[in-house]
Amino acid sequence: MFDLPAVEWSSHTRSGSGLWLGEIVATFGLLTVILGVVLITIITNVFAFSYSALIVPIGISDYGVSPVLVGLLAAAEPLGAITSGLAMATGLVRMDRPRMMISGSFLFLFALVATALAPWYGLAFLLLLIGGLGTAAFSSMQSTLVLTAAPAAARSRILGIITVCIGTGPLGVLAAGALSERLGPSHAMLVMALAGLAALGVVRLRVAELSR
């Protein structure tokens with residue numbers, strides 16, 4: 001369904017209640033997919049990507065590593081995303097289904113939960129590297145779903161809405177900072193990731209189109 005135009009003018013008169021009902025269901029499905037993309041984008045940017053603000057205090061206070069190793073820890077997730085992106089670009093991995101977006105977000109958030117509980121620096125680095133595989137799936141499908149589900153005339157406006165949703169990230173950074181002050185950086189990451197998983201679970205249950 002995603003490779004067909006969302007809106008197409010017809011030169012023939014539509015007749016039959018079944019045809020009209022089918023068009024209504026198809027249109028509703030496309031709008032639901034776009035709504036799901038918006039919600040997942042907000043959740044991932046607020047509750048997941050805000051982890052970056054906690055990397056420095058976690059590296060220094062929890063693991064006691066040097067600034068160089070703190071920087072390496074911060075690069076783990078992007079490195080995982082680059083690796084996954086290269087695999088997609090070379091055709092080794094296919095990301096062509098709607099469920100890849102929400103699955104990638106789930107993987108990223110689960111990796112953050114595990115990282116918050118990791119007792120060793122090396123394990124935390126490996127977990128963030130795995131989380132980067134999820135962010136690649138999330139990012140690649142984020143624009144793809146909009147471009148394939150939205151009518152051509154509305155794509156630029158919907159992409160603008162997605163950009164606004166991405167801009168909610170600083171709200172998550174503020175929340176992570178406030179939690180870190182009270183609970184410590186690792187516990188702040190854990191709380192944010194668990195909240196993100198809960199919110200993502202609700203979207204998963206409500207937007208069935210993203211599970212295909």
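What do you reckon, is Ala116 at pLDDT 85 or above, among the small types (Gly, Ala, Ser), more than 15 Å from the chain's Cα centre (by Cα) and buried (at least 22 other Cβ atoms within 10 Å of the Cβ)? Judged against the criteria, Ala116 is a match. Of the helices (runs of 4 or more DSSP H) lying entirely inside segment 137-212, those containing at least 3 residues that are farther than 23 Å from Val113 by Cα are 155-166.
Only one entry in Ser66, Ser105, Ser140 is small (Gly, Ala, Ser) and farther than 26 Å from Ile162 by Cβ, namely Ser66.
So which of Val56, Val65, Val38 is within 20 Å of His187 (Cα to Cα) and assigned to a helix (DSSP H, G or I)? Let's see the steps before the verdict.
Details: Val65 fails: assigned to a helix (DSSP H, G or I); Val38 fails: within 20 Å of His187 (Cα to Cα).
Answer to the selection: Val56.
Given Gly184, Gly134, Gly177, which one is of a type outside the set (A, V, I, L, M), over 16 Å from Leu39 (Cα atoms) and under 16 Å from the mean Cα position of the chain (by Cα)?
Numbers: Gly184 fails: under 16 Å from the mean Cα position of the chain (by Cα); Gly177 fails: under 16 Å from the mean Cα position of the chain (by Cα).
Just a single option satisfies the conditions, and that option is Gly134.
Of all residues in segment 84-108, those being surrounded by 15 or more Cβ atoms within 10 Å (Cβ to Cβ) and free of Cβ contacts under 8 Å to residues at least 60 places away in the same chain number 10.
Being under 28 Å from Val68 (Cα atoms), without any contact (Cβ under 8 Å) to a residue 60 or more places away in the chain and touching a Pro at 6+ places or on another chain (Cβ under 9 Å) is a property that Gly184 lacks.
The values are calculated or read from the model by the stated rules, or taken from the named source; none is laboratory data. Note that this is a predicted model, so its numbers are computed, not measured. Neighbour counts are summed over all protein chains in view; Cβ atoms, including those assigned to glycine, are modelled from backbone coordinates with ideal geometry.
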